[in-house]
């Protein structure tokens, strides 16, 4: 019975995959553009970060669409088809779960942020702070 259920869900994923990829590629309305100075501050804050994902994972699609909407360009690491990315995710993050944002810190250690809501909130906060650097310094 377990094999039958597993086969059923694989079939469902196989049938839905093209539609999910189409949804992922569908254009999103981009938020207001940033000033060149704010863009530089944001790029400096994003330095070294990368997003580990699976192409047809609904939560990964949601995260990638949010990145496009915010105008954030991060390196994407396909943990499904790239064995090196999968190994990095497992060794560094401790588990193979996507989406996962790799955040380097000043000490040379990496922080691994899971959950699409948390990733979107974190990057959204970075984008807001880049727009208003004086509030970030005061905090």
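The values are calculated or read from the model by the stated rules, or taken from the named source; none is laboratory data. This is a predicted model, so every value here is computed, not measured. As a convention, Cβ positions derive from the backbone with ideal geometry for all residues, glycine included, and neighbour counts pool all protein chains shown.
Going by what's in this entry, would residue 21 be described as surrounded by 10 or more Cβ atoms within 10 Å (Cβ to Cβ) and out of contact with any strand residue (DSSP E or B) (no Cβ under 8 Å at 6 or more places or on another chain)?
Yes.
Restricting attention to segment 30-54, and to residues there that are more than 21 Å from residue 105 (Cβ to Cβ) and modelled with pLDDT of 95 or more, which single residue is surrounded by the fewest Cβ atoms within 10 Å (Cβ to Cβ)?
54
Which number in (1) under 20 Å from residue 111 (Cα atoms); (2) buried (at least 19 other Cβ atoms within 10 Å of the Cβ); (3) in contact with a strand residue (DSSP E or B) (Cβ under 9 Å, 6 or more places away or on another chain) marks the one condition that residue 75 misses?
Just one mismatch for residue 75, condition (2).
Output the residues belonging to segment 78-89 that are surrounded by 14 or more Cβ atoms within 10 Å (Cβ to Cβ) and part of a helix (DSSP H, G or I).
85, 86, 88, 89
Could you go through segment 54-65 and let me know if any residue there is touching a helix residue (DSSP H, G or I) at 6+ places or on another chain (Cβ under 9 Å), in contact (Cβ under 8 Å) with a residue 60 or more places away in the chain and either part of a helix (DSSP H, G or I) or under 15 Å from residue 119 (Cα atoms) (or both).
Within segment 54-65, the subset touching a helix residue (DSSP H, G or I) at 6+ places or on another chain (Cβ under 9 Å) is 54-65.
Filter again for in contact (Cβ under 8 Å) with a residue 60 or more places away in the chain, leaving none.
Within segment 54-65 (the criterion being touching a helix residue (DSSP H, G or I) at 6+ places or on another chain (Cβ under 9 Å), in contact (Cβ under 8 Å) with a residue 60 or more places away in the chain and either part of a helix (DSSP H, G or I) or under 15 Å from residue 119 (Cα atoms) (or both)), the answer is no, since none of the residues qualifies.
May I ask you to verify whether residue 44 is over 17 Å from the mean Cα position of the chain (by Cα), under 22 Å from residue 112 (Cβ atoms) and part of a helix (DSSP H, G or I)?
yes
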